[in-house]
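**Student:** A single structure is presented below for examination.
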Amino acid sequence: MGTNGDTETAVPTGHEDNRRVVLITGAASGIGAATARACVDRGWRVYATDIAAVPADIAQRCHCRELDVTDAEQCQRVVDDILDEAGRIDALVNNAGYAVLGPVEDTDSDAQRRQFDVLVNGAVTLCRAVLPAMREAGSGRIVNVTSVLAHSAYPGMGTYCAGKAALEAQTDALRMELHGTGVDAVLVEPAWVDTDFATSARSRLPADRTEDYAGTYAALESGWVLDGGPFATDPETVAATIVEALTTASPRARYPVGAFAHFVRWAHVLPASIQDPIRRVMGRASITARRVSDILGRFR
């Protein structure tokens, strides 16, 4: 969600440093860590934030802050500190997130609220915090990392998909509201990414399970529904897309990442009578596919 204490690094400080400044959430691992590295490599001054400790190389090359995106006061404090230190915030990458999984009937209401606090409210809180400075500067870029699942819900993933869909709607509204200000709001939409996301999500599956959803749970635990198996892209590819969204002169509204993401992004125009059976079968088929892949892997 949000980093590892106020760890300062051996990078230039003060307003004399004229590098572009980016604030990244969820930078301790996965897409966030890859994005922090990619931005540093491009010469940005990076503020990497998370509630967990960032990797050593990021701690050495970035300015790191602890940030729980569900804490509005801490969000504002971190933004104010960056403005005091750097004199500017050119970009915000809202990447912090995790998944609450399970059939809708089995999902705990408090867990669902916490999920929305991170995926939606936390991102919007940071948007509100950085926008006055961006608007005053007449330029800025907000990149919200969502998912193609915002357009395509799957059994057992309703809460996560709903959170990503809500952030997409907020970003669409924000993009139109900011027209003419010089500030852009952009969506980056990966599908499966090779990170610890799936392992972490599986560890939070409901303990009390309705028997009728045994197949749904099996797909989440044993299939490729969560991690994509061989179809997952790497976090560096997503980070490269985020950098493109940050640096292009005229950003698109949406950046699906990977061939499967493009397919899912546009397949949602099909009627539910076609989409629903495909999604239901996909979970069961992915269990078999993983078993076959594992067997074949033993003979390589």
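Laboratory data are not the source of any read-out in this text; all were calculated from the coordinates shown. Note that the structure is a prediction, hence the values are computed from the model and not measured. In this analysis, Cβ positions are derived from the backbone assuming ideal geometry, glycine residues included, and neighbour counts consider all displayed protein chains.
**Student:** Debye calculation, C-alpha points only, no solvent: report log10 I(q)/I(0) for the range 21-294 at q = 0.08, 0.11 Å⁻¹, in the same order as the q values.
**Tutor:** So the normalised log intensities are -0.32, -0.61.
**Student:** Viscosity 1.567 mPa s, temperature 4 °C: what is the translational diffusion coefficient of the range 60-165 from Stokes-Einstein with a Kirkwood Rh over Cα pairs, rounded to a whole number of µm²/s?
**Tutor:** Result for D is 86 µm²/s.
**Student:** Compare the peptides 63-70, 28-35 by average per-residue count of other Cβ atoms within 10 angstrom and give them in order, highest first.
**Tutor:** Result, highest mean first: 28-35, 63-70.
**Student:** Please get the size of the charge dipole for the chain, origin at its Cα centre, with Cβ charges of +1 on Lys and Arg and -1 on Asp and Glu, quoted in debye to the nearest 20.
**Tutor:** 1060 debye
**Student:** Report the relative contact order of the range 21-294, percent, no decimals, based on alpha-carbon pairs under 8 angstrom and at least 6 residues apart.
**Tutor:** Over the range 21-294, the number comes to 19 percent.
**Student:** A further question follows. Show me 174-187, 46-59, 217-230 ranked by packing, highest mean number of other Cβ atoms within 10 Å first.
**Tutor:** Per-residue mean Cβ counts within 10 Å order the peptides as 46-59, 217-230, 174-187.
**Student:** Mind checking the dipole of the range 58-215: about its Cα centre, +1 per Lys or Arg Cβ, -1 per Asp or Glu Cβ, Debye to the nearest 20?
**Tutor:** Roughly 360 debye for the range 58-215.
**Student:** Arrange 266, 44, 192 by Cβ neighbour counts within 10 Å, fewest through most, would you?
**Tutor:** Fewest-to-most ranking of 266, 44, 192: 266, 44, 192.
**Student:** To continue, here is another question. Do any trypsin sites (Lys or Arg not before Pro) in the range 205-259 lie in a loop, going by DSSP, with at most 15 other beta-carbon atoms within 10 Å of their beta carbon, and if so which?
**Tutor:** Within the range 205-259, the qualifying trypsin sites (Lys or Arg not before Pro) (loop, at most 15 other Cβ atoms within 10 Å) are 209, 252.
**Student:** Mind checking which of 220, 29, 169 is farthest towards the positive end of the chain's charge dipole, using Cβ charges of +1 (Lys, Arg) and -1 (Asp, Glu) about the Cα centre?
**Tutor:** It is 220, whose Cα lies furthest towards the positive end.
**Student:** Using the count of nearby Cβ atoms within 10 Å as a rough guide to exposure, how do 75, 127 rank from fewest to most?
**Tutor:** The fewest-first ordering by Cβ neighbours comes to 127, 75.
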